[in-house]
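Here's the structure, in structure tokens; my notes come after.
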Amino acid sequence: MTQMKDRIFSGAPAEDFAGFAKAVIDGPVIHVSGTLGPDPDSGAFPDSVEAQLENAIASVAATLEQAGASLVDVKTLRVYITEAGFLKGVAGVLKAHFDAIRPTNTLLVCQLPAPGAKIEIEVSASRRVG
């Protein structure tokens, strides 16, 4: 990932294709773009939604770290899943990572533009300054 001024770029082709940044730092607030969960080594999507979510959370955590924050600084979490039946598995993974933090959470069932993707997450976090 590269950082430029108040923007962080992962180098994903979609950033240039659609004109967005992986994250925007707005003073103490960090907004992380929607993040899918492919395997970081192969780029393929794991079969399970839980594995995809773990990969997406790891990617978000790395972005937050680059911006001077971590998962404990997350204030808002938005989750997009492709099937309502994924809710139980997704809830278990989210609880494991965010139970002590308790950010706000929105979950939507929708289509995702990447074949094989079952989940996408985006977060906003408060940056530690000073």
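Where a number appears in this text, it was derived from the coordinates with a stated rule and is not lab data. Predicted model, so just to flag it, every value in this text is computed and none were measured. For neighbour counting, all protein chains shown are included, and Cβ atoms are generated from backbone atoms with ideal geometry for every residue, glycine included.
Computed quantities for the displayed model
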| item | result |
| --- | --- |
| Criterion (more than 21 Å from Ile101 (Cβ to Cβ), loosely packed, with under 15 Cβ neighbours inside 10 Å and among the small types (Gly, Ala, Ser)) met by exactly one of Ala18, Ala51 | Ala18 |
| Subset of region 43-92 (residues that are touching a Gly at 6+ places or on another chain (Cβ under 8 Å), assigned to a loop (DSSP other than H, G, I, E, B) and not hydrophobic (A, V, I, L, M, F, W, C)) | Pro46, Ser48 |
| Residues of region 21-37 satisfying the condition of being in a loop (DSSP other than H, G, I, E, B), surrounded by 15 or more Cβ atoms within 10 Å (Cβ to Cβ) and either over 17 Å from the mean Cα position of the chain (by Cα) or in contact (Cβ under 8 Å) with a residue 60 or more places away in the chain (or both) | Leu36, Gly37 |
| Subset of region 1-15 [under 25 Å from Phe86 (Cβ atoms) and either touching a residue at least 24 places away in the same chain (Cβ under 8 Å) or buried (at least 19 other Cβ atoms within 10 Å of the Cβ) (or both)] | Ser10 |
